[in-house]
Structure formats: C-alpha cells, structure tokens
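Down below is the structure, laid out as structure tokens.
The values are calculated or read from the model by the stated rules, or taken from the named source; none is laboratory data. Since we're looking at a predicted model, the values are computed, not measured. Neighbour counts run over all protein chains shown; Cβ positions are idealised from the backbone, glycine included.
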Amino acid sequence: MGENTDQSQKNITGFRPPEDFARNAIVNDPDIYGRAEDDPESFWEENANGIEWYRKWDNVLEWEPPLSKWFIGGKLNACYNCLDVNLKQRADKTAIIWEGESGDIRKYTYKELLEEVSSFANVLKGTGVKKGDIVTIYLPMIPEVVIAMLACARIGAPHSVVFAAFSGESLATRIGNANSKVLITCDGYSRRGKVVEQKNKVDEGIRSCGLLDKVIVMKHYGNDVSMTEGRDVWWHEVMKDSESSCEPEVMDSEDMLFLMYTSGTTGKPKGIVHTTGGYMVATHTTTKFVFDLKEDDIYWCTADCGWITGHSYLVYGPLSNGTTLVMYEGAPDYPDKDRYWDIIERHKVTILYTAPTAIRTFMKWGPSWPQMHDISTLRLIGSVGEPINPGAWLWYHENIGLGKCPVVDTWWQTETGMIMISPLPGITTTKPGSATMPMPGIKAAVLDEKGNEVPPGQDGYLAILKPWPSMVRTVFGNEERFIETYWSKWDNKTYFAGDGAKRDEDGYFWIIGRVDDVIKVSGHRIGSAEFESILVSHPSVAEAGVVGKEDELRGEVIYSYVTLKSGVEESDELKSELTSYAAKNIGPFARPKQIIFSDDLPKTRSGKIMRRVLKAIANNKDPGDVTTLQDPAVVENLKEKTRILD
Ligand code: 6R9
C-alpha cells in the first residue's frame, strides 16, 4: 500500500536468487521471457504438452475480443490429470497430508485418493448428477473438499465451492444463482476449538429457497444435526457400497470446470466461469514454474478451497504435478501461536504459500514462535491475496525463509485463474513489496484513464493486454456484466483488473490495491455492495455505504456508514447489533470494524452513494472534488465522526 510507493521510488537493491537455487531451478534460463513474448501461443502450446489429452487441440487460440477460447477441439479430463496420470510412477506416493485442528492426521496416496474420488463420483452419478450439472460444495478444509471437487471434475459436473465460513444466506444466494440441485456439506468443524455448526447453517439458509434435491453430509465433527428425510444423506452411508472405479468423462477444452463466486461492484456475487483445457495448462505450468516443484517437495498452500487460491494452487496445479501437499483445517494460533511452524517441522514442508495478513500477524507475535521449531526444510516461500508491504516481506524472508529462501509475491485474481505477475524464483531479482514481472506469456501494463501507458513511478490501472489460457470466460448467466466489468474500460480487448499499480524504472510492477468497490479483509474478497445490501435488510437501516480502510494487520478493514430509518435512535447497542447482523448474514470474517451513524451520506445529485468519497474519508485522505455532491457539508460532518474513531 502506501509503503510500497516509497520503496519503489527509493530504488531499493534487490535479492538475487541464491546461486544453488538458481542452478537447480526448473526454470533458470531468462530467455523464456523473450521466447514467450515473441510467440505466446507457441509458448502455451508447448506447455499444453504437460497435460494429458484424449485428443489434442486443432487451434491454440480463438480470440474474438473480448471472448476467447483455448486449445479448441482438445479433449481432456481435469481429474484424470490430477490423479490417474500419477498412477504410473506415483501410485504409492502421498498426495495429501491432512492435519485437523485437533491434531488428527489423515494421509492419502495417489492410488487411495483416486479410489475415494471415483467412489464419490459414482455416488454423485447415483444421485442423478449429470455432465453439466452444477454441484455446490460447502465444506471446511478437510480432505473431502478435494475429493468432492475432483469427483465433480471426473464426471463433468462443474463445482461451485462456497467458502465454509460464509453464512447460510450467502450460500443460498450462490446455490440459487447456479441453480444447483446437489449440495455437499458436513455436520460441523472446529475453529479455535469451538464447533461451527455447518449443517445448521445450511438448514437456516436454504429453508426459504427449497432449491436442493439432495444434500450429502460428511460426518466430521460429530455434533448433532437434523437430517431431512428424502433430501439429506450421510456421506459414509452412500459411500459404503459405491464402486471404486469410475471412467472419467471426456470433456471439451472449453467445457466448464468450475464456477467460483466472487464479489464485484454490484450486490450480487458474480459466478466466474473457468473452463477445462486452458485452466489446466495454466495452473499446471505456473505451479511448476513459480514454486519450482520437484518430486520430493512437500508443498503447503494455506489457502482455503473456498477461494481461488485453494482451487488453482492447492488442488489442480499441485496434484497435476504429482506433488505431496499439506492441508490444514484450523487456525494458525491453535492451540498456540507456533502451529504453522510445528506443522512445517513435523511434515518437513519445503514450500510455503500464504497471505500477507498471516505474515503480518506472525510478525506481531514475534520471531520466537518460529524459532521454537526447525523450519530449515523450507526452500521457497510465497505470498498472495493482497499487497505485501516491504516490512512484512523482509520479515518473512528473514524469519521464515531464514534469509535463504526466494520469496515469490504472486499477483493474480479469481478471474485470471493463474498467477499473472510473480518472480520466477530461479531467475528474478526480487524487490520487497513488488510482485516483479508478468509471467512468461503474459503481457501486462499500467494504463491511464484513456488507455495510454503511464510513465514509471506514476499510478495507473493494471491491465492485461493479451489473452491467457485460464482467463475468465464469462460471468455465469450474465455475459453483459462480464463485458461491462472487465472489458469496457478501454477498447474491449484490454482486460481491466480493478487494481491500481505502478511500475518503477526497472519495469517492476507494484500493486497498490483495488480501485473499485472490492474490499480485501485479511485477503478475503468482499464486495461493498453485497455488504450494503445485507445492512439495509436490517429493519433499522435506511441506507448504507461500506468501504475499506487501510489496516496494518488485515490489509483493509470494513467501515460502514449507516443512515437509520426515521424514528430509530442511534445507540451503542444498535451498533453492536448491526455488527453481529452483518457477521451472521455474510460470515464472521466480514465483521465490520466500525459502524458510523450519519443523517446523510455523500451522494451524487442523482442520489447515488459515492463510495469514493467515503473511502477517502475513512482513510483520512482528500476526497477530491465534492462540489457535485447533493450536500457537500456531509463530508465535513463524516470526517469529524471518523476522526474521533482513529
Ligand atoms: C488470488 C486472489 C484478487 C485481488 C487482486 C488484488 C489482490 C492478490 C496480490 C494482490 C497485491 C498480490 N491481490 N494477490 N494484490 N499483490 N500479490 O487473491 O484472488 O480473491 O480474486 O482477489 O487480490 O487486489 O485484484 P481474489
């Protein structure tokens, strides 16, 4: 954030890849950039050979801006590429080491994982799921979330994974939008030793919509749940007699692999559509290149499968590379603040991929926690989800990477499917706080409002200039919104990422943060509008404007400016009620930090709430020209109310 800017201008000396790392790295020839730039299609075509196809493509790319198709005519199966392909050489290699919050450990070899996935794929078929039907998955970080995702992919049913901490209402909206008939969930799970009653959340959320035909419930925590006759079945019961082999469905390159709902600028979450061929090529290739994955690595991505990172870099990328991955269910401070380092020591983790918000929290807790453990097995560490400030980067490098591990700060999005800007750890000289350079095959730039490239050091909008294999194909059921959101800022063929950025004299990219109404709270992506629509559904609220305020630990926190209905009194009780109301209706990770009551909000003359102005106020910045507001006096009033909170 602010800090990045300072560093980029100081032209800080970078960190070269350690010599032995570079020597042994999978990618260590800088020519890769030039080759990919000269002919990106051949570059991707070459990498597509890392995937097994039933039938190879006729053409690499069909680009009718802004619509793209990749590996046209190609036939493959994503699950086959994650599991079956590994059976020849790695049948007995561990695919997943899972650790529960309580300390339980479960391991699956590739062969065992394939059997579980095939059995579950047959269960899904048995409940009537057919190719093309969207299955919703609402599971915490237990192996079954991966098993369910891959089982869907095996039978050609796109999955829609909803982050387990979302509320039942948020789940219901997503089920409704996807018109999903089958849900996979569990009884409950443990978070900091306390039970989260997942199945109850489901029952509450879907009570009104009555959309689902079938709910498959994994018994995980052991809490009591109520099962609806004819609709709800237990995972272990339906799995009991299920056949453990299942022919993978032959999928077209452009068949949908999954939907991932994400927050945007309107109240309704968008279903980001990813297809099979391009996504598999992109995630397979980038996982190998960015994490330098080798046969004996133990790879740990701490992301949740409810977000895109859990899809691309916990499931599809790593498994299609035959990796042993670690999966952890719980909180980083349970039972104590050394849980991550304990996991790394016990499982001999070699690659760690986590988020800046976690890194800043570890920093706050102090280096004595990692120092209690032998974490010297680590050889590469990564960051994703929000800008990492140079201070946190350096701390991570020093205290977790022990000064020897390359740090990969990877910029990308749900919509991009793959890592877009990142160091290649055997080649790139890194600068703390910069995601460095676009990946080979990716053409990115920082543009101004008109679409011209801005000079070094100047703020602009991050843009992607050429199509890439795992790009979002559409917004589910809403092509117009797809075009409007991502392609209409400039010329219909330049992708607008929604992030502000700048480049320095060396061409390095420094991501500043979102320029739209997306808020990143502890790396979790939340939409202002979705949040506001929850707040105004409360009987006391007339209007709400929700913005992100920069926060040292969490990246951003949520500030909600609320106008109450007439006759409703402001009170501290109402504040805490609204806070709980938002947390309950969206999810506890979205608890607003401040609720600020105001008789009015900054609005345009046509009555639209100006979040830009609210955001400036929340962040103690100059709101710029406010003369076009209905009532410019509102600004001073809100500034005063906000100042009292700081
Ligand atoms: C992968 C993921 C996307 C938004 C993105 C940006 C922020 C992600 C970042 C980063 C700076 C990085 N972001 N990685 N900002 N540096 N290395 O997080 O996807 O949840 O869709 O969020 O996250 O603002 O636009 P998603």
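Data for the structure
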| item | result |
| --- | --- |
| Residue match in the stretch 522-530 (condition: in a strand (DSSP E or B), of a type outside the set (Gly, Ala, Ser), over 30 Å from SER253 (Cα atoms) and more than 22 Å from the chain's Cα centre (by Cα)) | no |
| Near pairs, Cβ below 6 angstrom, 6+ apart or cross-chain, from the stretch 93-119 (of a type in the set (D, E, K, R)) to any residue that is in a strand (DSSP E or B) | GLU99/ILE105; GLU99/TYR328; GLU101/SER190; ARG106/TRP98; LYS107/THR94; LYS107/ILE97 |
| Subset of the stretch 302-345 that is over 19 Å from ILE142 (Cβ atoms) and among the acidic types (Asp, Glu) - its residue that is nearest to the ligand (Cβ to nearest atom) | ASP333 |
| Hey, GLU204 away from the ligand (no atom under 16 Å from the Cβ) and assigned to a loop (DSSP other than H, G, I, E, B) or not | no |
| Only listed residue being within 13 Å of the ligand (Cβ to nearest atom), in contact (Cβ under 8 Å) with a residue 12 or more places away in the chain, part of a loop (DSSP other than H, G, I, E, B) and closer than 19 Å to CYS301 by Cβ, chosen from ILE375, ILE388 | ILE388 |
| Conditions (1) in a loop (DSSP other than H, G, I, E, B); (2) within 15 Å of the ligand (Cβ to nearest atom); (3) surrounded by 20 or more Cβ atoms within 10 Å (Cβ to Cβ); number of the one not met by ARG473 | (2) |
| The stretch 425-435 - residue that is more than 8 Å from the ligand (Cβ to nearest atom) and crowded, with 24+ Cβ neighbours inside 10 Å and, of those, nearest to TYR353 (Cα to Cα) | PRO425 |
| Odd one out for GLU636 among (1) of a type in the set (Asp, Glu); (2) surrounded by fewer than 21 Cβ atoms within 10 Å (Cβ to Cβ); (3) at pLDDT 90 or above; (4) within 30 Å of ASN389 (Cα to Cα) | (4) |
| Single residue of ALA542, ALA529, ALA582 found to be of a type in the set (A, V, I, L, M, F, W, C) and more than 27 Å from THR414 (Cβ to Cβ) | ALA542 |
| Qualifying residue in the stretch 428-448 (condition: within 13 Å of ILE511 (Cα to Cα), part of a loop (DSSP other than H, G, I, E, B) and of a type in the set (A, V, I, L, M)) | yes |
| Contacts under 7 angstrom Cβ, first residue in the stretch 411-423 being part of a loop (DSSP other than H, G, I, E, B), partner β-branched (Val, Ile, Thr) and near the ligand (Cβ under 7 Å from one of its atoms), 6 or more apart | THR414/THR262; THR414/ILE308; ILE419/THR410; SER422/THR410 |
| Considering residues of the stretch 270-308 that are surrounded by 24 or more Cβ atoms within 10 Å (Cβ to Cβ) and out of contact with any helix residue (DSSP H, G or I) (no Cβ under 9 Å at 6 or more places or on another chain) only, the residue farthest from MET251 (Cα to Cα) | ILE308 |
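Conditions tested, residue by residue: (1) aromatic (Phe, Trp, Tyr); (2) touching a Phe, Trp or Tyr at 6+ places or on another chain (Cβ under 6 Å); (3) more than 19 Å from VAL408 (Cα to Cα); (4) modelled with pLDDT of 95 or more.
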{"residue": "PRO269", "(1), (2), (3), (4)": "no, yes, yes, no"}
{"residue": "THR276", "(1), (2), (3), (4)": "no, no, yes, yes"}
{"residue": "PHE289", "(1), (2), (3), (4)": "yes, no, no, yes"}
{"residue": "LEU293", "(1), (2), (3), (4)": "no, no, no, yes"}
{"residue": "ASP297", "(1), (2), (3), (4)": "no, no, no, yes"}
{"residue": "THR302", "(1), (2), (3), (4)": "no, no, no, yes"}
{"residue": "SER320", "(1), (2), (3), (4)": "no, no, yes, yes"}
{"residue": "PRO356", "(1), (2), (3), (4)": "no, no, no, yes"}
